[in-house]
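First up is the structure itself, then whatever we jot down about it.
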Amino acid sequence: MTDDDPSHAMPTRLTRLGRSRHGLINPPVARGSTVLFETMDALRQSGRRRYEHALSYGIHGNDTHFALADAVAAIEGGSNTQLVGSGLSAITTPLLGLLRSGDHIVVSDGIYGPSRRFCTGMLARFGVRTSVHPPAAPAGRIADLFEPDTRLVLLESPSSDTFEMLDLRAIADLAHARGILVALDNTWGFSLIRPFEHGVDLSLVALTKYASGHSDLLLGAVTVNDAALWRRVRDGTAELGDTAGPDDCWLALRGLRTLDVRLDRQGRSGLAVARFLAGHPKVARVLHPALEGAPGHAIWRRDYADGGCASLFSIEFADGIDAAAVDGFVDRLALFGKGWSWGGFESLALTVTGGIVRAHGVPVAGTLCRLHVGLEEPDDLIADLSRSLDLL
Ligand SMILES: *Cc1c(COP(=O)(O)O)cnc(C)c1O
């Protein structure tokens, strides 16, 4: 169901992917649980064809899901995409489907908090052990954690909240030499990096963020580039009963049409805001891999060949500014909403406290503030931040 031509640039492809075949530009929203067949034989055949885009039962998707799944697979450069109900489910569903009791996995200390809690909570209860590496660890240090039962590494680059970059290719080469699968939470890099070209086996994305772009839905995508792995992911999702609502899929497909313009604008606005903050005396460090001179910048330049970046980053304040002061700074902002998630059209700010004690291997002196820059005029955002910083 796609007019995609991979030789075209991403902005062109985003206008062509997942289009309707029936005269209208966009596929309609198809809703349904039961699918009717002429004969019992046809009904049984459809179940066997659930790895293709064949209608069998509502939970396995319909044309609305297939249009979005095809589009996401093409954007990621993979062969197949499984859609699930949330970004978190895009992490938990394939891990539960692929792992078994006695297995061992290696994850970064910088992965999304709920992913981490899933590993140390539910996976641990099911007898899967997790080792944790520092977020900026070099590949060799990560490979030192590999054991005979290690089955998978779960990476996130840049990390949540502290934005360390990992050398994906080097880690993947060491993992593959031991037959270990490499899963990447690619939410930050979605459409900006092609994960399979860096050795990733499973790319996990919260479409909730920039893909939908309007803060009005939750959706996740698991993309692979291997037929056998696709069958395992599809079977695991079916066994767990995860699925995605067609209305959300339709909205996400609509969001994809403007993904490139939003990301381009928000990425550049985010960098403008980051540069202002980097020059402010009350800011010790700006943790944004696309910012010149910031930690992880060399890996970002190498791997994000088109120069795009997300508009989510953190700042670390100068000594003596404690968590309560950072809360005050965030509370005083008028144009930055206080709330979870990111990737929408509006700016957000959060105080990052709790388990995070270091960023880029260096202890964080105070408390971090995570900023998401939306589609507002950057000068307005900078004026808002400047006013609140003056009162710190
Ligand atoms: C938000 C987020 C998720 C989870 O997405 P939800 O749709 O909110 O469940 C996963 N990974 C990262 C890096 C995220 O930022």
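Determine the percent antiparallel among the DSSP beta bridges restricted to the chain, to the nearest 5.
Just about 60 percent of them are antiparallel.
How much of ASP390 can a 1.4 Å solvent probe reach, expressed as accessible area in Å² and rounded to 10?
It works out to around 100 Å².
From the phi angles alone, apply the Karplus equation (6.51, -1.76, 1.60; θ = phi - 60°) to segment 311-322 and give each ³J(HN,Hα) in whole Hz, x where the residue is Gly or Pro.
Taking θ as phi minus 60°, the curve returns 10, 10, 7, 10, 10, 10, 8, 5, 3, x, 9, 8 Hz for segment 311-322.
Can you order the peptides 257-266, 281-290 by their average number of other Cβ atoms within 10 Å per residue, highest first?
Put in order of decreasing packing, that is 281-290, 257-266.
If you line up the long axis of helix 227-240 against the longest principal axis of the chain, both from Cα atoms, how many degrees apart are they, to the nearest 10?
Orientation of helix 227-240: about 90 degrees from the principal axis.
Any idea how far apart ARG231 and ASP331 come out in nm if each label point goes 7 Å out from Cα toward Cβ?
Those two pseudo-labels are separated by 5.8 nm.
Taking only protein heavy atoms and a 1.4 Å probe, what accessible area per residue, in Å², does the chain have with all protein chains in place?
Value for the chain: 42 Å² per residue.
Helix 246-257 versus the longest principal axis of the chain: what is the Cα-based angle in degrees, 0 to 90, to the nearest 10?
Helix 246-257 sits roughly 60 degrees off the main axis of the chain.
If the convex hull of the alpha-carbon atoms of segment 190-349 is projected onto planes in all directions, what is the mean projected area in square nanometres?
11.6
Please list the radius of gyration and Dmax for segment 1-149, considering alpha-carbon atoms only, with Å as the unit.
Both quantities, over Cα of segment 1-149: 20.0, 58 Å.
In vacuo Debye scattering of segment 257-392, one point per C-alpha: log10 I(q)/I(0) at q = 0.11, 0.13, 0.20, 0.22 Å⁻¹?
For segment 257-392 at q = 0.11, 0.13, 0.20, 0.22 Å⁻¹, log10 I(q)/I(0) is -0.37, -0.52, -1.25, -1.47.
Any idea what the relative contact order of the chain is, in percent, if you count C-alpha pairs under 8 Å spaced at least 6 apart?
Averaging sequence separation for qualifying contacts and normalising by length gives 16 percent for the chain.
Once ligands and nucleic acids are excluded and a 1.4 Å probe is used, how much of MET10 is accessible, expressed in Å² to the nearest 10?
My reading of the accessible area for MET10 is about 40 Å².
If every alpha-carbon in segment 129-178 counts as one equal scatterer, what log10 I(q)/I(0) does Debye give at q = 0.13, 0.16, 0.24, 0.30 1/Å?
So the normalised log intensities are -0.28, -0.42, -0.92, -1.34.
Take peptides 126-134, 204-212 and line them up by average Cβ neighbours within 10 Å, highest first, as a rough protection proxy.
So the order, starting with the most tightly packed, is 204-212, 126-134.
Return the distance in nm (one decimal) between the two label points of a simple spin-label model at LEU24 and ILE59, each offset 7 Å from Cα along Cα→Cβ.
2.8
Given just the C-alpha atoms of segment 261-327, how large is their convex hull per residue in cubic angstrom?
Once divided by residue count, the hull of segment 261-327 is 84 Å³.
May I ask you to rank ARG44, ARG16 by accessible area, largest first, using a 1.4 Å probe over the protein chains only?
So the residues, ranked largest to smallest area, are ARG44, ARG16.
Taking only the Cα atoms of segment 83-172, how large is their convex hull per residue, in Å³?
93
Taking the Cα atoms only, what angle lies between the long axis of helix 63-76 and the longest principal axis of the chain, rounded to 10 degrees?
Long axis of 63-76 versus the principal axis of the chain: about 50 degrees.
Kindly provide log₁₀ I(q)/I(0) values, in the same order as q = 0.11 Å⁻¹, from the Debye equation applied to equal alpha-carbon scatterers of the chain.
Log10 of I(q)/I(0), two decimals: -0.79.
Just to verify a number: FRET efficiency for ARG141 and ARG301, C-beta to C-beta distance, R0 = 22 Å, to 0.05?
E between ARG141 and ARG301, to the nearest 0.05, is 0.50.
When ranked by the protection proxy of mean other Cβ atoms within 10 Å per residue, highest first, what sequence do the peptides 30-38, 80-88 form?
Those peptides, ordered most packed to least, come out 80-88, 30-38.
Can you give me the distance in nm between label points at PHE37 and ASP322, each placed 7 Å from the Cα along the Cα-to-Cβ direction?
6.7
Remind me, relative contact order of segment 79-229 in percent, using alpha carbon pairs under 8 angstrom and six or more residues apart?
Over segment 79-229, the number comes to 30 percent.
The values are calculated or read from the model by the stated rules, or taken from the named source; none is laboratory data. Remember, predicted model here, so these are calculated numbers, not experimental data. Ideal geometry is used to build each Cβ from the backbone, glycine not excepted, and the neighbour counts take in all protein chains shown. Note: areas computed on protein heavy atoms with side chains; ligands, DNA, RNA excluded. Shrake-Rupley method; radii C 1.70, N 1.55, O 1.52, S 1.80 Å.
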